[in-house]
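J.: Below is one structure. I have some questions about it.
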Amino acid sequence: MLAASVALTGVGVALIHRRTYRTTREEVRRLALEDGSRTVMNADAEIAVRYSEHKRSVELRQGEAWFQVEKDVARPFVVTAGSATVTAVGTAFSVRKERGFTDVMVSEGLVKVRGPAGARTVLRQGEAMRLTSAHGLLVSRLKDEQLQRRLAWRDGLIMLDGERLGEAAEEFNRYSQKIIQVAPEISDERVVGVFNARDAEGFARASAQVLNVNIDVYPDKIVLGDPSSVVKSSQ
């Protein structure tokens, strides 16, 4: 009986595979998973992968990751991110988990999303969803160029097409130790361009030139606009 128990335990261990992957603030990492699926992890992200005989599970603990799933009807591919659960068989999609919200975006095929309190939806190619505690599941439709801009981070790029300067600075701050601070009076200015995600200073200097505003560069930060108003807004 003891020998049988030991053998059974050994089988169970063999069928379950766990790995944890992390990226630094300045790293985008491409991974091939054991089933043939692929993932690209954005900066400052962490995933825990757990494969068993009947299920492929990934927990997105923080940050953002894009998945291209190898089709396997017998073993669904399930990503959990906070209170959101995303289920796919063979498709491509991204999941982003930040404080206060979870985003899901489908670039190929479809996925099933389950939120808290039984909320459910199906997302198809070109659709995105944001889950917040205040508004639940909010689904939107993206144009092809919007989809490509939102996935440009996989190639180390940030593509801007009229985003607010303050929002663009926050995006660059995801990848840089040198933080961009934007004065409130210019934070709503719109910016356009394609930039290296790791060149926050280059983006800041280009924005300062186009908007004809002051720029101050320090060892740990970059200030766009009136420095005194930046200090007041942070107090």
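J.: Write down the Kirkwood hydrodynamic radius of the range 153-235, to one decimal in angstroms, obtained as one divided by the mean of 1/r over all alpha carbon pairs. Present the calculation step by step, with values, prior to reporting the outcome.
T.: Numbers: mean 1/r = 0.0795 Å⁻¹.
One over the average 1/r among Cα pairs gives 12.6 Å for the range 153-235.
J.: Could you name the lysines in cross-link range of residue 55, using Cα to Cα under 18 Å and dropping any fewer than eight places away on the same chain?
T.: Here the lysines satisfying the reach criterion relative to residue 55 are 71, 112.
J.: Of the accessible area of the chain, with the probe set at 1.4 angstrom, what percent is carbon plus sulfur?
T.: Numbers: 6290 of 12830 Å².
Carbon and sulfur atoms account for 49 percent of the accessible area of the chain.
J.: Something else now. As a test question: what accessible area, to the nearest 10 Å², does residue 211 have when a 1.4 Å probe is rolled over all protein chains in place?
T.: Its heavy atoms expose roughly 50 Å² to the probe.
J.: Here's a follow-up. Using Cα atoms only, what is the angle between the long axis of helix 200-211 and the major principal axis of the chain, expressed in degrees (0 to 90) to the nearest 10?
T.: Helix 200-211 sits at roughly 40 degrees to that axis.
J.: Once Rh for the chain is found with the Kirkwood sum over Cα pairs, what is the Stokes-Einstein diffusion coefficient at 10 °C and 1.306 mPa s, in µm²/s?
T.: Numbers: Rh = 19.7 Å.
Reported coefficient: 81 µm²/s.
J.: Whole angstrom only: what separates the Cα centroid of the range 108-123 from the Cα centroid of the range 127-147?
T.: Using only Cα atoms, the two centres lie 11 Å from each other.
J.: Averaged per residue, what accessible area in Å² does the chain show with a 1.4 Å probe, protein chains only? Provide the component values of the computation, followed by the final result.
T.: Details: 12830 Å² over 235 residues.
Ligands and nucleic acids excluded, the result is 55 Å² per residue.
The values are calculated or read from the model by the stated rules, or taken from the named source; none is laboratory data. Keep in mind that this is a model prediction, so the values were computed, not measured. In case anyone asks, the SASA skips ligands and DNA or RNA and just uses the protein heavy atoms, side chains included. Shrake-Rupley method; radii C 1.70, N 1.55, O 1.52, S 1.80 Å.
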